[in-house]
Each structure stands twice: as C-alpha cells, then as structure tokens.
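Enquirer: Got a structure here, written out as structure tokens. Questions coming.
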Amino acid sequence: MKLDLTALADEHLAAARTAPHGRSAHLVMHDGVLRQTVIALTSGTSLDEHNAPPAASLQVLRGRVSLTTAGRGEELSAGTLRMIPKERHGLTALEDAVVLLTAVND
C-alpha cells in the first residue's frame, strides 16, 4: 500500500477547518496490532487526556502541537518524531496541525 501523506494532511486539515469540533482523523494503515492514523486539529483544538497504548509514536506533519503528560506540555513542531509516554497524555494544537499517530495495540 502506498500513501501520499502530504495529500492526506491537506485533505484532513481542510475537513478539520469545516468540522464543528475542529478535527478530522483517518485510519490509514491497519495490520494486525499496528495502526497508523492521520489526525488533523485546528488551532486550540485538543484531544483530551487518554491512556497510552503499549507502544506509540507521534510524527508532526504540519504545524505545532503540545503533548501533555502529568500536567506539563512539550511543544512539537513539523518534522518532529516523538515516542508517546506510557502514561495518560493529551494533545493540543498550538496552530493548525496534522500528525501521524503510529500505535501498537495488544
């Protein structure tokens, strides 16, 4: 399977900008326990704190986001790849942003 992440980022950011909740997501790959999802968020939109999967990474494709854990935030900008901590965490778009979430679930 071959995907154009730039085109997917454009498509979902446009969808997020017109969505009442300011976000758009699409599962792009699913192979057994591996899942990859493109998530677009408009500036100020958050994904509330949630539990982490057994293993996950976040790649920022566009914009800037804040990954929050235990009340502290870490700013990530386009081009950054970060392992997601194995604790409850949230994500807030500091500007219109698109990320690629890669997760391995049991």
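The values are calculated or read from the model by the stated rules, or taken from the named source; none is laboratory data. Just so we're clear, the structure is a prediction, and the values are computed from it rather than from any experiment. Every residue, glycine as well, gets a Cβ built from its backbone with ideal geometry; the counts of neighbours run over all protein chains shown. The area values use the complete protein model at the heavy-atom level, side chains included, leaving out ligands, DNA and RNA. Shrake-Rupley method; radii C 1.70, N 1.55, O 1.52, S 1.80 Å.
Enquirer: Please report, in whole Å³, the volume per residue of the convex hull around the C-alpha atoms of the range 56-100.
Expert: Per-residue hull volume (Cα only) is 56 Å³.
Enquirer: Another question, then. In terms of the Cα gyration tensor, with a ≥ b ≥ c the square roots of its eigenvalues, is the chain rounded because a/c is under 1.5, prolate because a/b exceeds b/c, or oblate?
Expert: Here the chain falls in the oblate category.
Enquirer: With just the Cα atoms defining each centre, how far is the range 1-25 from the range 33-67? Give it in Å.
Expert: Distance between centres, Cα-based: 13 Å.
Enquirer: Follow-up. Give me the mean projected area, in nm² to one decimal, of the convex hull enclosing the Cα positions of the range 1-57.
Expert: 4.8 nm²
Enquirer: Where the accessible area of the range 40-91 is counted over protein heavy atoms with a 1.4 Å probe, how much of it, in %, is carbon and sulfur?
Expert: Of the solvent-accessible surface of the range 40-91, carbon and sulfur hold 47 percent.
Enquirer: With a 1.4 Å probe and every protein chain left in place, tell me how much accessible area residue 21 has, in Å² to the nearest 10.
Expert: 100 Å²
Enquirer: Would you please state which residues of the range 60-92 a label at residue 106 would reach in this model, taking the label point 7 Å out along Cα→Cβ and a backbone N cut-off of under 19 Å?
Expert: 84-89, by backbone N distance to the label point.
Enquirer: Tell me, which longest segment in the chain has none of the trypsin sites (Lys or Arg not before Pro) that fall in DSSP loops with at most 15 further Cβ atoms within 10 Å?
Expert: Longest gap between qualifying sites, sites excluded: 3-85.
Enquirer: If you don't mind, another one. Find the accessible area per residue for the chain; the probe is 1.4 Å, ligands and nucleic acids are left out, and the unit is Å².
Expert: 55 Å²
Enquirer: Relative to the Cα centre, what is the charge dipole magnitude of the range 22-76, using +1 at the beta carbon of each Lys and Arg, -1 at the beta carbon of each Asp and Glu, and rounding to the nearest 20 debye?
Expert: Charge dipole, the range 22-76, about its Cα centre: 140 debye, nearest 20.
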